[in-house]
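Structure, as structure tokens:
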């Protein structure tokens, strides 16, 4: 008799538990449907507001980037170039002192490597689902911030010209009138190889090369079979690009070393903070709450080949999805 009562009580408890779980499931289903209905009833302007904010953020970062480049050029034209002493001999440099003449084609090679890596990074950002709209904006923001630091360094410290081959060009820049200097300063892409004068500490080209190399490494597929060879190739390209700047005698060795060190440390520090902010959103702070308002809790790189999947679907009639997931270091 007691056994049957125990079994009946157990069945009643089980039935009650099942009813509670079913009720919770129905409530969750109702809430989900209600939220979906609310989202569907929202005006179109609210649905696209996030994309509008992303666009505004990118416009702000572009303005910040070009403003920083303009400030650097103005500091170079009005503060660095006039302070360069043409008669002063080049500072002693272990590498440059052993080079007879600058190899100017090496500087062109360095710029080509940087341009190639930028194209690769843009391609990665197109197929990166997690950070698609953040990669290039973060790149420009970091480069612009480092350039502002470079402008301060240029203003406070002026080195002599690294090689006598550039003395004539530096003298021509010093002879420019104030209005001519302003025109050269506004043209932020005006300086090319062989036109260096006073803007040495630290190297802007080495900064751009180092930041782009780091971004390609960080936002690429880290579970790819050839990942080791990709890392090795990036290291070789980085070294060759930096050596190209030195072989062209555009900068002293210390300029390139400082540029590489500062750039890599700033990139690592910025993304380490982003990783912490993704785990603890309340620790983002005001600045990162504005600059990284669209920061995802997903920290791994998820690559989307939906374009190829769409083409395959049109040909084969079957919908495909190729997602490559990699761990984010």
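The values are calculated or read from the model by the stated rules, or taken from the named source; none is laboratory data. Bear in mind the structure is a predicted one, so any value in this text is a computation, not a measurement. Cβ atoms come from the backbone with ideal geometry, glycine included; neighbour counts cover every protein chain shown.
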If you go through the range 198-242, how many residues are part of a loop (DSSP other than H, G, I, E, B) and within 30 Å of residue 84 (Cβ to Cβ)? 6
Selection count where residues are surrounded by fewer than 16 Cβ atoms within 10 Å (Cβ to Cβ) and outside any helix (DSSP H, G or I), scope the range 146-161: 1
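Pick from 59, 81, 63: which is in contact (Cβ under 8 Å) with a residue 60 or more places away in the chain and either assigned to a helix (DSSP H, G or I) or farther than 28 Å from residue 139 by Cα (or both)?
On the way: 59 fails: in contact (Cβ under 8 Å) with a residue 60 or more places away in the chain; 63 fails: in contact (Cβ under 8 Å) with a residue 60 or more places away in the chain.
Unique residue meeting the criteria: 81.
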Checking residue 257 against (1) at pLDDT below 70; (2) assigned to a helix (DSSP H, G or I); (3) in contact with a helix residue (DSSP H, G or I) (Cβ under 9 Å, 6 or more places away or on another chain), only one condition comes out false. Which one? (1)
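Among the listed residues 143, 119, identify the single one that is free of Cβ contacts under 8 Å to residues at least 60 places away in the same chain and in a helix (DSSP H, G or I). So that I can check it myself, show each step before the final result.
Details: 143 fails: free of Cβ contacts under 8 Å to residues at least 60 places away in the same chain.
Selected residue: 119, the only one of 143, 119 that is free of Cβ contacts under 8 Å to residues at least 60 places away in the same chain and in a helix (DSSP H, G or I).
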Being crowded, with 16+ Cβ neighbours inside 10 Å and in contact with a strand residue (DSSP E or B) (Cβ under 8 Å, 6 or more places away or on another chain) is the requirement here; does residue 135 meet it? yes
